[in-house]
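First comes the structure, then the notes that go with it.
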Amino acid sequence: MEPVAEQTLLTIIIPVYNVEEYLDFCLKSIGSKEQTADVEIILVDDASPDRSGRLCDEWAARDARIRVVHCTENGGLSKARNVGIGLATGKYITFVDSDDYLASDTLEVLTGLLREHPDADVVEYPVHVHHGHEEAYMFVPGHGELIDYSGWIARKGYYHCYAWNKVFRATLWKGICFPEGKLFEDIYTIPYVLQKARRILLTDKGLYYYCVRTKSITQHLTQRSTHDLLHANLDFYNTHLHHPAFTATALDEFYLSMCNHQIMYLQYGGHIMLPGRKINLCRTLADRQSRSQWHKALLYTLFGQRSLIWYAKLRNRFNK
């Protein structure tokens, strides 16, 4: 009787679309098969019109860890990720965008942490956000803490609910997929995956580079994208409104951050979507918010949702 093959430890899902300029660097950053042999890499070519699909095949011919799926038509990032999830055989799943990259030995470090902490359902690791842009910053989720979902909420992890700086136990994705046809798909999805986790390991080891390939972070905003950004955050707000770890101060702060998304949506021709909320002005000012947050809190307390419309009109006037 032949021995049963051990399950692959980790599946890396990489959607590929129009990235021939970046794909080689991305895949090289993952590390050699000698470093991370217990890994499979699924490249989902989302009907890319450039040479990306051919590059995927060339990499697969050189590296047995790599499997390639060629989609017959472009379905978008969510669909490509969902295809990868459906094909994954690893005990854990992680995501890498094909124009981003990992710091040296990151994958080796992460697989080591998975073996050291078999009780962890999720490992969240550092990310350099907006790498290549003047507004870039480092986000380090923790220093080895093991927490549950309520702890993640209490630490305001929802401000960084990216798919790609986390490693997930594959079973967490049962019954969950990324919403196809939506932008800001991570906000729509990741909190509800983490909600199923018993233990989340927050580490300061490893590093994901989330790259900005344009001069301005916001230059490609549209009515559709600002709608989805607001709607995804509003969905999270409504489903967590009575979560015990979501304090009144944190809810006020999150609501004010959604005011920013509402204002942007108004600028692009949208309508008011936010529900009303009574903001505790004294508590908000005492929480040392930025000056713009103070202004919004004051105006919203005095004038309600009309103040958001005024903000949008003023921004449009000064941006002309």
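Its relative contact order, with pairs defined as Cα atoms under 8 Å and 6+ residues apart, puts segment 1-74 at 35 percent. Close amide H contacts of HIS133 (hydrogens built in the peptide plane, cut-off under 5 Å, sequence separation of 5 or more or a different chain): VAL212.
Shown here: segment 187-243, whose C-alpha atoms stretch 39, 33, 13 Å along the first, second and third principal axes, sorted largest to smallest. Can you tell me the FRET efficiency between ASN18 and ASP63 if r is taken as the Cβ-Cβ distance and R0 is 25 Å, rounded to the nearest 0.05? Step by step, r from the Cβ atoms, then E = 0.70.
Please compute the net charge surrounding GLY144, taking Lys and Arg as +1 and Asp and Glu as -1 over other residues with Cβ under 11 Å from its Cβ. All intermediate terms of the calculation are to be shown ahead of the outcome.
Details: positive: LYS205; negative: GLU116, GLU145, ASP204.
Summing Lys and Arg as +1 and Asp and Glu as -1 gives -2.
Close amide H partners of GLU20, meaning residues 5 or more places away or on another chain with modelled amide H under 5 Å apart, are ARG51, SER52. Once you divide the Cα radius of gyration of segment 1-90 by 2.2 N^0.38 Å, the number left is 1.11.
Heavy-atom accessible surface of segment 1-68, averaged per residue, reaches 53 Å², computed with a 1.4 Å probe.
The Cα center of segment 26-53 and the Cα center of segment 157-177 differ in position by 20 Å. Of the peptides 240-249, 102-111, the ranking by mean beta-carbon count within 10 Å, highest at the top, reads 102-111, 240-249.
With all protein chains kept in place, the per residue accessible area of segment 161-239 amounts to 44 square angstrom at a probe of 1.4 angstrom.
Expressed as a whole percent, the accessible surface of segment 106-215 that belongs to carbon and sulfur atoms is 52, based on a 1.4 Å probe.
The values are calculated or read from the model by the stated rules, or taken from the named source; none is laboratory data. Values in this document were obtained by computation on a predicted structure and should not be read as measured data. Cβ: placed from backbone, ideal geometry, glycine included. Neighbour counts: every protein chain shown. SASA here: full protein model, heavy atoms, side chains in, ligands and nucleic acids out. Shrake-Rupley method; radii C 1.70, N 1.55, O 1.52, S 1.80 Å.
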